[in-house]
Structure formats: C-alpha cells, structure tokens
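Structure record follows, encoded as structure tokens.
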Amino acid sequence: MNQRESGRQRGREAAADRAKELPAEMTEQFAYARTLFPSLEGEDLGAMVRDYDRERLACEPDYAKFPEMRGLIDRHVAEREAFRQASGLDETATAFQYSWSFLLWRRINANHPAYWDRILAEQQCTNVFFPAGKDGVTMSDNRDLAMDETRGAIPSWRPTAFPWSNPNQWLQGAASSAIVMDEEPECSFPCDPDELIPEEEAWEDIEVRMAFMDRYREFWGPTNQIWTDKHLNAVAVDKSNCRVAYRRPEVNGAVCVTACSYLDPELHAFKQERMRLLMKAKGETEDTCPDWSYDLGSRSRYQRLCKLTNAAAAIPDGPSIWDALDVVADEAVPYPERICLSGQDNVTWSSLQHAGVTSGPKRRWLFRMLDDLDNPGTVTEKPLQLMLGKDVEMQPEWQADIDAGRCTLASPEA
C-alpha cells in the first residue's frame, strides 16, 4: 500500500472513531486552554489550530537527519483529506484532530504562562518495574485522578484491563510530565517516532530504542516512561518537549517513574530555569509560585520512590507482589513526599492501585480502587482483589492470603 492510500485508510478509520465526539471535545478543550492560559483570551483558537496544522505540513524535515520521514507528507495530506470527507467536518475540526495536542503543548505552553492552580488536577501517577521479582516479572502502579473527572464514572467504572500486564511489550509504565514555558521544537512536522523505529532491532536492544528516540526527541513527549527490551533490560525516561534523559537501573534491573518531575540534574535545572521565566511573567517569586513549590514536592516524592524501589529490588530472591504493592501504597511519610496521595485533599486522589506478576506460571494481579467518590475514604482502606492469570491455578499461599482476609478472589467478570 502506498503512502497516499495508507493515509486515506487511516483518515477514514479515524473519522469513524472520532467524528461524533470531536465537536464537543473541541469546545471543552478550547475552554480548558483558556482557563490554563488566560493570555489566550480573545484568541481565535479554531483559526490558530487550523493555521498551525498547515504550518506543520509545510515544515519539511531535515531528511539527512530524519531519513525515515521521506514520503510521509503524502500520507498526512491524504489522511486529512479522507478524514474531512468521511466525517463531514470542516478544516478546523480536521486540524484539531491532528494538531491540537502538539499546538497546545509545543507552542501555546512555550509562549503563554500557565496557571495550573486554576485547573486543580495535580496527578502524580506512578509506575514501578521489577524484571527479577520473586515469582517472575513484577510491576506495580498507582493511578491518580482528579475528583471532578471521575465523579459519576465511579462506582460503575471497573478496571477492565491492566495496561502494564504483558512483559513482552517495550512500554512498561507511563506518567504525565511537562515543563511550563517549555522550549518549542525547531521542526513541527507531523511524526510519530514509534511508527518509524526499527521495531525488531529496538526490541532486541534497548540501546537502539534509546538512540533512535533521542534523535527524534523533538517529536514526542513530554512524558515520563519505563522502557524495556526482550531481555528485560529496562530504563526510566524523563522527557520534556525537546529534551530526554535516561536513568538506568541501580539495583537488580528495577526502575520507576512518577509524574511532574525530573531526576536528571540537567533536565531538572532546565525546568527550574523555565519556571523562573514563568514567575517573571506572572509577577511571582519562589515563595509565592505554586509551580515552584509543587515541583519541589514532586521531586522529593520521585527521590523517595527510587529509594523504595531499590530497597524492594534488593530483597533476597526478589520482591514479591506484596512488596511491589507496598511501594506504590506508601503512606509512611507526610505529603508531598509520600507515594500514595489518598486522603490528602479533595482535588486529587490515588484512586486505583495495581501490583502484578506478568510472566511465568504465577501470573496474577492484586488491585483495589475507590468505589464511592461522595464518601471516598482512601484507596489503601479498600479491599484488595486477587485476579489470576489465564490458566493459572490457585496456589496454597494465595489461598492462605484469602483465608486470612488480606484479599478476596475477583470474579471472572472483573
């Protein structure tokens, strides 16, 4: 299939998935942007995203540096044409579909001071990865949600899938992260590096993925992630708009990430530099800037997470599923250093926690979640459920945990 036909097919598929919801999403996102970036008041965001999408298509990459992008312009143009035709939406909606996120975080965020205290969605999700767990590859995570985002969805919502449940995938965890007043990339051409990376080579050797994604660093993120290769070599990734830092394991191959901070000294210093630009634009100081104090807390939390992860990784014979859960359920110190945020305020709560053994004959998951946002309590007070992997038989020690009241067996419908 040539690039134009591939683009047309992708555009039609995207229209089938997105056409009905897109107009409402545009209204919601434009309102969100104006709240987060008050200096956008009076701007025509529809015209802005439309012009930006045109600009991205006209921004020809340096093919000597990015040879993998040759010919992609045909696919992108055809994809937009097919999306617009199949959806019946106009050019503005089409541009929103393909360029809004890039516009918001790469240009608007780089040029407009953000007021995150008006959004009140301080999510600090966490992921931990142990390639050498007691029973096999073991992971755990803590998901935070803003109360307003989930009210009404719970109690009907249930965790229908475990996103980090397969050891045979390169992405083993992800959390949000970004820098206020971040730098804008030199090239905005539409590109998803994960589509272009040599998959077999990258899966064979994590160094290949790291080198490729470093070369393409202006085209992805911001985010914090955990990557692995087929040999379970893992690396933690801290990513801003245009910069990336890799943190290698310190103890038995284990790595971790959490949101809203960077541990790499240079990336952390760059974030502080950009926050000073924000403070100047808003007339704030280190004592009055909520972004500055929040970053200090997030960094302390990240440092504690690494300490807890390394301690669990050092356990003889490897950490158990319970050890992995204890890392993300940490409440042993006050906020903001603690890992679990349950009960800290009425804005952001740790609402779901998983721990899982994802390889071998003892595959299973422990999970618990909030089920009533009107009277939420804390997630660590909620009953733990045990879900067995496919064709995995109950073991005596797991049954003993159930009999002792440490967890209950989840129904197949869970």
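Values in this text are rule-based calculations from the coordinates and carry no lab data. Predicted model, so just to flag it, every value in this text is computed and none were measured. Reconstructed Cβ throughout: ideal geometry from the backbone, glycine too, with neighbour counts over all protein chains shown.
Compared with the direct C-alpha span, the chain from residue 77 to residue 200 gains 41.4 nm at full extension, assuming 0.36 nm per residue. The calculated pair-distance distribution of the range 3-112 uses every alpha carbon pair, bins of 10 angstrom beginning at 0, and gives 14, 41, 32, 13, 0 percent. Look at the dipole of the chain built from charges on Cβ: of 327, 110, 172, the Cα furthest out on the positive end belongs to 172.
Helix-only mean residue ellipticity at 222 nm, the chain, DSSP H runs n ≥ 4 weighted -39,500 (n - 2.57), per residue, nearest 500. What is it?
Values: 13 runs with 155 residues, N = 414.
Rounded to the nearest 500, the figure is -11500 deg cm²/dmol.
When the chain is treated as a Gaussian network with alpha carbon springs shorter than 10 Å, the biggest mean-square fluctuation among 296, 341, 352 belongs to 296. Only lysine pairs 8 or more places apart, or on different chains, with alpha-carbon atoms under 29 angstrom apart are counted in the chain, and they number 24. Here the spin labels are modelled as points 7 Å beyond Cα on the Cα-Cβ line, and at residue 25 and residue 59 they lie 2.1 nm apart. Annotation: extensible slack from residue 4 through residue 192 equals 66.0 nm (criterion: 0.36 nm per residue apart, minus Cα-Cα distance). Provide the FRET efficiency to the nearest 0.05 for the residue 381-residue 34 pair, computing r from the beta carbons and using R0 = 30 Å. The formula returns an efficiency of 0.20 here.
Taking a spot 7 Å from the Cα of residue 303 along the direction of its beta carbon, which residues of the range 263-277 have an amide N less than 18 Å from it? Of the residues in the range 263-277, 263-273 have backbone N under 18 Å from the label point off residue 303. Two decimals is fine: what is log10 I(q)/I(0) at q = 0.06, 0.09, 0.10 Å⁻¹ for the chain, from a Debye sum with one equal scatterer on every Cα and no solvent? Rounded to two decimals, the profile gives -0.27, -0.62, -0.77. Taking only alpha carbon atoms, the range 177-312 gives an Rg to Rh ratio of 1.01, where Rh is the Kirkwood radius.
Here the calculated FRET efficiency for residue 394 and residue 251, from their Cβ-Cβ distance with R0 = 35 Å, stands at 0.65, rounded to the nearest 0.05. A dipole drawn for the chain from +1 and -1 charges on Cβ atoms has a positive end, and of 222, 303, 350 the residue lying farthest that way is 222.
Put a plus charge on the Cβ of each Lys and Arg, a minus charge on the Cβ of each Asp and Glu, and nothing anywhere else: the dipole of the range 3-112 about its Cα centre is then about 280 debye.
Centre-to-centre, using Cα atoms only, the range 201-269 and the range 289-321 are separated by 16 Å. The simple spin-label model puts a point 7 Å past each Cα toward its Cβ; for residue 171 and residue 101 those points are separated by 0.8 nm.
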